[in-house]
1. Going through the cross-link list Lys128/Lys152; Lys126/Lys234; Lys153/Lys234, which pairs have a Cα-Cα distance over 28 Å in this structure?
2. Expressed in whole Å with the largest first, what are the equivalent ellipsoid semi-axes of region 31-107 derived from the C-alpha gyration tensor as the square root of 5 times each eigenvalue?
3. Mean shadow of region 77-140, computed from the convex hull of its alpha carbons, in nm²?
4. What is the pair-distance distribution P(r) of region 166-242, computed from all Cα-Cα distances in 10 Å bins starting at 0, with each bin given as a whole percent?
5. Compute the length gained on full extension between Phe79 and Asp22: take 0.36 nm times their separation in residues and subtract their Cα-Cα distance, giving the result in nm to one decimal.
6. What residue among Gly65, Gly230, Gly14 shows peak mean-square fluctuation when the chain is described by a Gaussian network model with Cα springs under 10 Å?
7. Kirkwood hydrodynamic radius of region 117-158 from all distinct Cα pairs, in Å?
8. What number results when the radius of gyration of the chain, computed over Cα atoms, is divided by 2.2 N^0.38 Å?
Amino acid sequence: MPSIADTYYERSIGLLARARADNAPVIATLVPLIGRSIAGGGVVHTFGSGHSDVIAREIIGRAGGLVCITGVIDPTGGFIENLPDYGARLIERYDRQYQLLPGETIIVISNSGKNASPIDVALYAKAKGLNVVALTCMAMARAATSQHPSGKKLHEVADHVLDNGGVPGDAIVEVVPGISAGPTSTFIGCSLLNWLMLSVMEWLAANGHPLPVLRSQNLPGAIEHNRQVGARYKARLSRQLA
């Protein structure tokens, strides 16, 4: 009989493969939109409330990642994500400091898609003319009740939706009767974002645009390289380069 960890591995790898196939058309649509924006000097914004912040930060300031990615940081860690209008105030402040520009893309991550702050952020960005991408779990979103005053869920606000293919409750193996564990939203969500960013890099290279890609600061000359590629974006990055 396989262990619980083995069962989790087999099921989660299956979900990962399905997410790769199911989201390929959406990624293909997004790549030129994001590529053209970056080629024109734009940045990509991310936001995740609560544990989804882990996914939002995955592609920010990463070795081997694009430097022109920045994030809306919630200082409460999602503790008050359903406080009315909190998300709107958060994104307004971010916009004043770092700018949300028409034609840029923001990726808003919420596994349930029901909580207010991510929806506030998506609505604000959409009104500013950004391309809004939701990264969510559609099975969970369909089962959930919106906590936003509009009654809408994140996928209903977004222009494009990436589905992590998880299950309601984000736990895929039963440990003992009645108790399930083994979440998949983080590693599948991070994989989706990395697939997207790699495809954007491929588009940039194929169309003759420079690749503002960061190097590991543990490599010789990397810090100087990173400062050089990041110079044009310095005023727009919420997490500054070393």
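Derivation of every value follows stated rules applied to the coordinates shown; laboratory data play no part. Worth saying up front: this structure is predicted, and the values here are computed from it rather than measured. Because the Cβ atoms are built from the backbone with ideal geometry, glycine has one as well, and the counts that use them run over all protein chains shown.
1. Values: Lys128/Lys152 19 Å; Lys126/Lys234 24 Å; Lys153/Lys234 33 Å.
In this structure, Lys153/Lys234 lie more than 28 Å apart at Cα.
2. Numbers: eigenvalues 107, 46, 18 Å².
After diagonalising the Cα gyration tensor, the semi-axes are 23, 15, 9 Å.
3. 4.2 nm²
4. Pair shares across the bins are 15, 26, 28, 16, 12, 2.
5. On the way: separation 57, 0.36 × 57 = 20.52 nm, distance 3.21 nm.
Result: 17.3 nm gained on full extension.
6. Top of the fluctuation ranking is Gly14.
7. About 10.6 Å for region 117-158.
8. On the way: Rg = 18.1 Å, N = 242, 2.2 N^0.38 = 17.7 Å.
Expressed relative to 2.2 N^0.38 Å, the Cα Rg reads 1.02.
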